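Below: one structure, written as structure tokens.
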Amino acid sequence: MRKQVFLLAFLLAFPFVASFAGEGMWIPMLLKYNEKEMQQMGMRITADDIYSINHSSLKDAIVLFGGGCTGEIVSDEGLLLTNHHCGYGWIQCHSSVEHDYLTDGFWAMNRGEELPCPGLTVTMMKEMRDVTEKILFNVNDDMDEAERQEKIKTNIKKLTEAFEKESGNDVEIESFFLGNEYYAIFNQVFEDVRLVGTPPSNIGKFGGDTDNWMWPRHTGDFSVFRIYVDKEGRPAKYNKDNVPYKPLKHLDISLKGAEAGDFAFVFGYPARTNEYLPAVAVDQEANRIDPVVVDLRGKVLDIYNKYQDADPKVRIQYAAKHANIGNGWKKWKGVTEGINSFKGVERKRYYEEGFYEWCLQSRSRYLYINLLRNFDTIYGKLEPYRMAYNYMTEAGLRIELIGFAGKFNRLSKITKETAQADVDKQIAGLKTAAQAFFKDYYSPIDKEVAVTMLNEYLKAQPADFRPPFLNEIEDVQDFVDELFEKSMFVSETKVNDFLDGFKVKDIRKLLKDPAFKTFKSIIDFYMESVHGQTISYNAEIDRLQRLYMKGQMEKEQEKRFYPDANFTLRVTYGKVEGFQPKDAVAYNHFTTLDGIMQKENPDVYDYVVEPRLKQLYAKKDYGRYADKDGSMHVAFTASVHTTGGNSGSPILNADGQLLGLNFDRCWEGTMSDMVYDPDICRNISVDIRYVLFIIDKFAGAGHLIDEMTIVE
Ligand code: ARG
Ligand code: GLU
């Protein structure tokens, strides 16, 4: 009883529907509706300064970097900043034993030294238009769902083509508010982007996976690129005669830093959020799906750690894999904890009770009356299928040998009729894949992962939800021993021999290989028994979500809703501030170079500090980049609503000047993708003054600073 009273008090104190500053990922073209609030919070510019199609605005300095990060232009010669972890793949691609840019950093001292990155694109949004009416004109809510989707698809296709013809831009039409609104986005894509500079990893990745998702943080997470265009100023493929891009706008950089309480906003490309899920879905995600994935990944990481600690070569081989698996592992652990300690499911339930009451009040709301009950049913049905998918990807395909064998699936479908050119292309691709695979493969790790994961798979999944090969296993250890003894995929020589002399009749050998057979068992089972059901349940969920969203907007007409992130450009704003993650613990909003020296440990890879940085620290040689307190600020937190994809996004002050680069969130608030809490959700940015200090004082690349517009 007391518990219930407490819960009620808690829910009343933090009503879910309150619209607080901090929460929200706003569509730039609609920012005028937020302008007043932003200005009340301290902003000194206008919504029109941020987004306009009539004159240049901040949006002209923001780009989608590659497929998944954000970047910003900081000079009138196309100089671009993003995170180190966003540029990582391109830095690695230019690195070799002779030029180890990952370890040593890299700085082009003139334009000629800037390194082309074929395949890297940046995308700039030119314009956005509301096209809801055009896309939804011949559909309604009573219509058969498949028919509705078909009509929408056709409408999108037609309009996209017309817009592309009219504008010469790349156009995409995206759904917002879960299918209730549609917007067309006109993009310009730049294909000649060159690497200009990067700090060494022990600055750009300082703290590594250990500090990932955590505060206090000391990572100099930035890298520098430049956009090139042809002589006429048009986007073009790489050509040595291309020239630096002259943007309509580049960001001014503030050296003043930010105080606690200052207004700040982030402008970038958040990837995905799910803020309007029903309680049943949040509960499923946080309390059943995520814990299973966390548990499986935790077991894999334990095995990696054991071998990585024992052998420096293995540490390097498994560094990227460890970072990949570990990033999600740590985040989802935080999601579960956050949802539970901040009563995310209860808050949603409380809100849903109110929604249901509202439905009962008028006959016109009949459309929504069964929504919540239907959600319960359908999520219940979906759950075992989601689990089956998770065990397939996180346990079955986590065995590298099986994943690698799977790459040969297309080859297994070749027939005598297949064109020789196609065969040759496949063989060449597989040879490259094999080279990359074996460079970083250590079979003792994989074998131990295989035994552990298959045991977990057997223990947790009922027989009719696991692939047939598992149901035939008598002893897992014996099965794995035989798999690793007999499969050709453990040996680079055997794989290359197979590829070198490949003939159609060799497919028989492939089909008999135990690793390939295991792969087929997993994937065929998935396609036959899991995929179809998942698709059809998800289609029904999409329909329910669309109506639920519509109902919520109808219920609270005075509330400003924001659409879930969908990889389109958004503005999100809040304040520079620290937080109290738990009782009696308070975090300051910024870290300094002192903290780097405190964390220094020459024996632990993540905490090695460059001698040159130590010298600068000893002399306190910070120049104009020091804070007015005399110290070198490294990173800071703010209550700005961000998610994956916001990496590299600029965080700007009240005047729209650059304060830093967003690169992470605090662990305690990673639940913000489903439930945002202004008290504990914080984004983390690297202070722009630390970035400039590293470029100028540490790397001696002051010529890059000279290009920028610095506001002292
Ligand atoms: N957590 C950040 C993000 O989600 C940074 C990831 C890269 N850094 C790392 N140590 N793995 O992308
Ligand atoms: N590091 C993330 C990224 O690469 C940003 C962190 C987050 O999820 O907020 O986009």
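The single condition among (1) within 16 Å of ligand 1 (Cβ to nearest atom); (2) surrounded by 21 or more Cβ atoms within 10 Å (Cβ to Cβ) that G328 does not meet is (2). Can you find even one residue in the range 170-185 that is of a type in the set (S, T, Y), surrounded by fewer than 18 Cβ atoms within 10 Å (Cβ to Cβ) and either in a loop (DSSP other than H, G, I, E, B) or more than 16 Å from ligand 2 (Cβ to nearest atom) (or both)? No, the range 170-185 contains no residue that is of a type in the set (S, T, Y), surrounded by fewer than 18 Cβ atoms within 10 Å (Cβ to Cβ) and either in a loop (DSSP other than H, G, I, E, B) or more than 16 Å from ligand 2 (Cβ to nearest atom) (or both).
If you take the residues in the range 505-534 that are in contact with a Ser or Thr (Cβ under 7 Å, 6 or more places away or on another chain) and farther than 20 Å from Y457 by Cα, which one is surrounded by the fewest Cβ atoms within 10 Å (Cβ to Cβ)? This residue is L511. For the range 648-671, a residue qualifies if it is within 13 Å of ligand 1 (Cβ to nearest atom) and either among the hydrophobic types (A, V, I, L, M, F, W, C) or without any contact (Cβ under 8 Å) to a residue 40 or more places away in the chain (or both), and the qualifying residues are L661, F663, C666, W667. Each residue in the range 1-32 was checked for being loosely packed, with under 14 Cβ neighbours inside 10 Å and either part of a strand (DSSP E or B) or modelled with pLDDT of 95 or more (or both), and 1 of them qualify.
Residue count for the range 332-391 satisfying the condition of being among the β-branched types (V, I, T) and more than 16 Å from L277 (Cα to Cα): 1.
Restricting the range 266-281 to residues that are under 19 Å from the mean Cα position of the chain (by Cα) and of a type in the set (A, V, I, L, M, F, W, C) leaves a set whose member that is farthest from ligand 2 (Cβ to nearest atom) is F267. Taking the listed residues Y269, Y238, Y245, Y228, the one that is surrounded by fewer than 20 Cβ atoms within 10 Å (Cβ to Cβ) and aromatic (F, W, Y) is Y238, with no other qualifying.
I'm told P611 meets every condition in (1) touching a helix residue (DSSP H, G or I) at 6+ places or on another chain (Cβ under 8 Å); (2) more than 30 Å from F263 (Cα to Cα) except one. Can you identify the failing condition by its number? Every listed condition holds for P611 apart from (1). Is at least one residue of the range 629-639 within 16 Å of ligand 2 (Cβ to nearest atom), among the hydroxyl-bearing types (S, T, Y) and in a loop (DSSP other than H, G, I, E, B)? Checking the range 629-639: at least one residue is within 16 Å of ligand 2 (Cβ to nearest atom), among the hydroxyl-bearing types (S, T, Y) and in a loop (DSSP other than H, G, I, E, B). Of the residues making up the range 417-471, those that are in a loop (DSSP other than H, G, I, E, B) and either over 20 Å from G396 (Cα atoms) or at pLDDT 95 or above (or both) number 9.
Here Y238 meets the list (1) more than 22 Å from the chain's Cα centre (by Cα); (2) more than 30 Å from T70 (Cβ to Cβ) almost entirely, failing just condition (2).
Is at least one residue of the range 682-701 modelled with pLDDT of 95 or more, out of contact with any Pro (no Cβ under 8 Å at 6 or more places or on another chain), among the small types (G, A, S) and in a loop (DSSP other than H, G, I, E, B)? Scanning the range 682-701, I find at least one residue that is modelled with pLDDT of 95 or more, out of contact with any Pro (no Cβ under 8 Å at 6 or more places or on another chain), among the small types (G, A, S) and in a loop (DSSP other than H, G, I, E, B), so the answer is yes. Among the residues of the range 295-317, not a single one is within 26 Å of L178 (Cβ to Cβ), touching a residue at least 60 places away in the same chain (Cβ under 8 Å) and either charged (D, E, K, R) or touching a Ser or Thr at 6+ places or on another chain (Cβ under 6 Å) (or both). When each of F437, F525, F489 is tested for being more than 31 Å from the chain's Cα centre (by Cα) and aromatic (F, W, Y), the lone residue that passes is F489. In summary, helices (runs of 4 or more DSSP H) completely within the range 44-133 and bearing 3 or more residues that are away from ligand 2 (no atom under 16 Å from the Cβ) occur at 47-50, 101-104.
The values are calculated or read from the model by the stated rules, or taken from the named source; none is laboratory data. Since we're looking at a predicted model, the values are computed, not measured. Neighbour counts are summed over all protein chains in view; Cβ atoms, including those assigned to glycine, are modelled from backbone coordinates with ideal geometry.
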